[in-house]
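Enquirer: Sharing a structure with you now.
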Amino acid sequence: MSGERPERLIYMANQIAKFFAAQPGDPAAGVADHLKSFWDPQMRGEIVAWKAGGGGGLDPVADEAVGRLE
């Protein structure tokens, strides 16, 4: 990771989280499953590294989902 804030990935994760927050069930599980299914490993790795490094910007559902990818 370049050390830059991955703005586009954060935006996309937050949009996915908004969708799953309106669905029944565990929204963080839905987001995590979506990221595992549709994001390539490099994208997942970048957002996981961002969160692990203390990076912010993720809404609570997206933050929990990314934590489940670690």
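Enquirer: So, in the range 20-47, of the ones that are closer than 11 Å to VAL61 by Cβ and out of contact with any helix residue (DSSP H, G or I) (no Cβ under 8 Å at 6 or more places or on another chain), which residue ends up surrounded by the most Cβ atoms within 10 Å (Cβ to Cβ)?
Expert: Looking at residues that are closer than 11 Å to VAL61 by Cβ and out of contact with any helix residue (DSSP H, G or I) (no Cβ under 8 Å at 6 or more places or on another chain), I get ASP26.
Enquirer: For the range 31-48, enumerate the residues that are within 11 Å of the chain's Cα centre (by Cα) and part of a helix (DSSP H, G or I).
Expert: Answer for the range 31-48, where residues must be within 11 Å of the chain's Cα centre (by Cα) and part of a helix (DSSP H, G or I): VAL31, ALA32, ASP33, HIS34, LEU35, LYS36, MET43, ARG44, GLY45, GLU46, ILE47, VAL48.
Enquirer: While we're on this one: Can you tell me which residues in the range 12-29 are farther than 11 Å from VAL66 by Cα and assigned to a helix (DSSP H, G or I)?
Expert: Correct list: MET12, GLN15, ILE16, LYS18, PHE19, PHE20, ALA21, PRO27.
Enquirer: For the structure I just gave you, tell me whether VAL61 is assigned to a helix (DSSP H, G or I), without any contact (Cβ under 8 Å) to a residue 40 or more places away in the chain, surrounded by 11 or more Cβ atoms within 10 Å (Cβ to Cβ) and not basic (Lys, Arg).
Expert: no
Since every read-out is calculated from the coordinates, none of them should be taken as a lab result. The model shown is predicted, which means the values in this text are computed figures rather than measured ones. Cβ coordinates were reconstructed from backbone atoms using ideal geometry, including for glycine residues, and neighbour counts include every protein chain displayed.
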